[in-house]
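Data block below; observations after.
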Amino acid sequence: MSTESTQPSAQAAAAMLQEAGRLGAAARTGASWPHICMLLGLGAISSLSLISFWLVGRFDQSLIVVPLLAMLAWLGIFMVMMLVFGRSTKRGFSKRWLSFMSIWAILWVIGVALGTTVAVNQLWFTLCIAGAITLNSVIGAWLEAQK
C-alpha cells in the first residue's frame with residue numbers, strides 16, 4: 001500500500017474551487033433572513049407601539065399595559081424565530097446589526113422618554129420618532145438583504 005496521496009490536476013483543483021464557491025454562495029443565500037425579519041418586526045412593533053402609547057395617553061393611561069403586552073409578545077415571537085432559525089449570517093453582519101440596533105435603541109429611548117413627558121400630547125413628535133424607527137429598520141433590513 002502506498003502512503004503517497006495523488007494530487008488533483010490543475011483542472012480538477014479549479015473545478016473543486018468553483019464547486020466550493022458555488023456551495024458557499026448557496027449557503028449564504030438564506031443567511032441572515034431570520035435576523036432581517038427580526039429587524040423589520042422590531043421596527044414595526046416599536047413604531048406602532050409608540051403610536052399606541054400616544055393614543056392610550058389621550059384616553060386612559062391605565063390601558064398602557066395593553067399595547068405594551070402586545071409588543072412584548074410579538075418581540076418574543078420574533079426573537080425566538082431569530083434565535084432558533086438564525087444559524088448563519090453574512091460577513092460584516094455584526095457591525096451592521098450593532099449600528100442599526102444602536103440607532104433603534106436611541107430612537108426608542110427618545111420616543112418613550114420624551115413622548116411620555118415633554119411631548120406627551122404632541123402627535124407630530126410621536127409620528128416623527130415612529131417614522132425614524134421605521135426608516136432605520138427598513139434601511140437596515142434592505143441593506144442586509146442585498147449583501
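Would you mind counting up the charge near His35? Only other residues with Cβ under 12 Å from its Cβ, with Lys and Arg at +1 and Asp and Glu at -1. Intermediate results must be reported in sequence, preceding the final value.
On the way: positive: Arg87, Lys90, Arg96, Lys147; negative: Glu144.
Residues near His35 contribute +3 overall.
Work out the charge dipole of the stretch 32-146 with +1 on the Cβ of Lys and Arg and -1 on the Cβ of Asp and Glu about the Cα centre, then indicate which of Pro34, Pro67, Leu107 is farthest towards its positive end. The residue sitting most towards the positive pole is Pro34. Since only Ala12, Ala44, Leu83 are under comparison, the one whose Cα sits farthest along the positive direction of the charge dipole of the chain, derived from C-beta charges on Lys, Arg, Asp and Glu, is Ala12.
Structure remark: mean-square fluctuation, Gaussian network model of the chain, C-alpha springs under 10 Å; the largest value among Met16, Met82, Met38 belongs to Met16. Among the listed values (1) 1.98; (2) 1.56; (3) 1.20, the one computed from these coordinates for Cα Rg over 2.2 N^0.38 Å is (2).
List the trypsin sites (Lys or Arg not before Pro) in the stretch 54-137 that DSSP assigns to loop (not H, G, I, E or B) and whose Cβ has at most 13 other Cβ atoms within 10 Å. Which are they?
Numbers: sites: Arg58, Arg87, Lys90, Arg91, Lys95, Arg96; in loops: Arg87, Lys90, Arg91.
Here the trypsin sites (Lys or Arg not before Pro) that fit, given the DSSP loop and packing criteria, are Arg87, Arg91.
How far, in degrees from 0 to 90, does helix 65-85 lean away from the longest principal axis of the Cα atoms of the chain, to the nearest 10? Result, in degrees: 0.
For the chain, the dipole from Cβ point charges (+1 on Lys and Arg, -1 on Asp and Glu) about the Cα centre works out to 200 debye, to the nearest 20. For the chain, the longest principal axis of the alpha carbon atoms and the long axis of helix 123-146 meet at an angle near 10°. Reducing the stretch 75-99 and the stretch 126-147 to their Cα centroids gives an inter-centroid distance of 16 Å.
Against the main long axis of the alpha-carbon atoms of the chain, helix 33-59 sits at an angle near 0°.
Residue order for Ile106, Ile133, fewest other beta carbons within 10 angstrom first, comes to Ile106, Ile133.
A short reminder: the numbers here are calculations on the coordinates, not readings from a lab. Bear in mind that the values here come from a model prediction, so they are computed numbers and not experimental data. All Cβ positions, even for glycine, are placed from backbone atoms using ideal geometry, and neighbour counts span all protein chains on display.
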